[in-house]
Amino acid sequence: MKLTTLLVCDAGLDKRQTIEDLIHSQPWLALVSTVSGSMAREQIGSLHPKLVWIELSPAPVRGLSLLAELRETFPQLYFFVSYDVPDPELIRTAYRLGASDFLDAERWRTDLPAAVQSIQLKQQSESVNVAGGKVIAVFSPTGGIGATSICTNLAGHLSKYGESCIVDLDLQFGMVSHYLNLDPSFSLSTIDFSHTNFDATYLRNLMTKYDDKLSILAAPPELEDIGDIYAAQVQEILFTAKQEFRYVLVDLPKNLLDERAIATLDLADNVLVITEYNWAAILNARKCIDTFKAHYAQDKLLLVINRSEWLPPDVLSECKANLNYPVYHEIPSDAKTAKWVINQGQIAPGHTTLGKSLDSLAKRIAGGEQLLLTSKETEKASFFKIPAIFGKKK
C-alpha cells in the first residue's frame, strides 16, 4: 500500500517541481497535494496523509518550528525534512524533533528509496504482532565503552531464561565471534536472500553455537565480504529469529543513520543505550537519547551505565542530571573479570562482580525485577552542566 504524501513547500516553483517529481518517482509514495506552511495543519486534517514532507527552504528555522508543531499535533504521522545542504545542526535538530529522515539535494535521489523503505519497515513492525521472543538492540554512541562485551555476556545470562542468539550487525568491524572465541563457518555475508525457504531451519544452519542455549550470526569476516545487505533483509532475519529464539540481541554499529540500524531500532522491543560516567560519553549519550525520545517510548529505551565506580555524591548527581534520563542499570567496574572473559572467550561467571550485575540485568529484562527509578532531581534536569570531577568554571 502506498504512503499518501503531503508536500509542504514555500520555496520557488523549481524546487517544488523537483520534489514533486521525486515523490512521483517512488512507486510506494502517492502525492496528495502540495501546500504552503500556513496551510499545512488544515490540509493534514482534511487529506489525512501518512507522510508529510517539509522543505525547509527558504527559512529553515521556520520550517523546523513547523515540524515541531505538526509532530506534536499529529504524532501518528511520519515526517521527511529536506534542505539544499546537509547542515549538521539542521540534521540533528530535525531528528530530535521527530523527523524520520533528512534529505539533502545532493543525495536525495539515492537516499529517498531507503528512507521510504525505513518507514515501511516501521509500519510493519508496528502492525504485525509476531509471537515469540524479544529483540534487544545494544548501542553505544561512544567507542570503547564495552557495548559488544555487554551484548555477548548479557546474551549468555539471558540464555538461562530461554534460548538466545546474537546478530552481529557491525558489518565492518564486528567482534562478537572473537569475544566468544568462535570461528564461524558462515556469516551475514553468506546468507542467500533469494533462498526459497528463508525459515528458522535455514537461519539456524547459518549460525554458530556457543553452547546449547546461545548461538550467533556473525558479521562478515573481511571488509570485502560485506556485500549488499539491506534493511528489509535485516528485518527478515530478525522476524525469523524472533520466532525461533526467546531473546535476540543485536550488536549495532556506531552509525545511527545506517538504514539497517534504523530498521533494527524500529523493530526492537528494547534498546540498551550504553555509556559511562565520563564527560565525553555523557555528552554523546544525551545527544543519542534526545534523538531516540522523539521516536520511541521510554519503556523501550534502557540507559545502562558501564564500568560504574564510586563517585562523590555531588558528582554522581550532576552526571545523572546531565544525562536527563532514568538510569535502568549500572554495571560496576570489574576490569579483572572483563579482561578474563574477553581473553578466554567466556561468559562472565555468576560469582564475579561483573557476572552478578549482568545476571541481575538479564533477570530484569526477562521480567524478574522492577524498573529502577532515578531520583527526582535527575528527572527534573533539562540542561547540561559540567560535573565537578571535570572541573568547574571560575
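Values in this text are rule-based calculations from the coordinates and carry no lab data. All values derive from a computational prediction rather than experimental measurement. In this analysis, Cβ positions are derived from the backbone assuming ideal geometry, glycine residues included, and neighbour counts consider all displayed protein chains.
Here is how the numbers come out for the structure above:
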quantity	calculated
Principal-axis tilt of helix 108-127 within the chain, Cα atoms, nearest 10 degrees	60
Principal semi-axes in Å for segment 205-264 [√(5λ), Cα gyration tensor, largest first]	20, 15, 11
Unsatisfied cross-links (Cα-Cα over 21 Å) in the set Lys134/Lys209; Lys293/Lys363; Lys213/Lys242; Lys122/Lys293; Lys160/Lys339	Lys293/Lys363; Lys160/Lys339
Förster-model FRET efficiency, 56 Å R0, Lys363 and Asp14, C-beta, rounded to 0.05	0.40
Burial ordering of Asp212, Asp87, fewest other beta-carbon atoms within 10 Å first	Asp212, Asp87
Order by protection proxy (mean Cβ within 10 Å, highest first), peptides 143-154, 4-15	143-154, 4-15
Cubic angstrom per residue, convex hull over Cα atoms of segment 3-127	98
Rg/Rh for segment 168-295, where both radii come from Cα atoms and Rh is the Kirkwood radius	0.98
FRET efficiency, 1/(1 + (r/R0)^6) with R0 25 Å, evaluated for Val85 and Tyr230 via beta carbons	0.40
Alpha carbon convex hull of the chain, volume per residue in cubic angstrom	162
Pairwise FRET efficiency - Phe186 versus Asn255, Cβ, R0 = 22 Å, nearest 0.05	0.35
Residues Phe74, Phe292, Phe139 arranged by fewest to most Cβ contacts within 10 Å	Phe74, Phe292, Phe139
Relative contact order (%) - segment 134-390, alpha-carbon pairs under 8 angstrom, separation at least six	25
Degrees separating the helix 60-73 axis from the principal Cα axis of the chain, which is the longest one	70
Cβ-based exposure ranking for Tyr277, Tyr161, in which fewest neighbours within 10 Å come first	Tyr161, Tyr277
Nearest-ten-degree value, helix 279-293 long axis tilted from longest Cα axis of the chain	50
Dipole of the chain, positive end: most advanced residue of Met175, Val327, Leu6 [Cβ charges, Cα centre]	Val327
Gain on full stretching of the segment that runs from Ser57 to Glu69 - 0.36 nm per residue minus C-alpha separation	2.6 nm
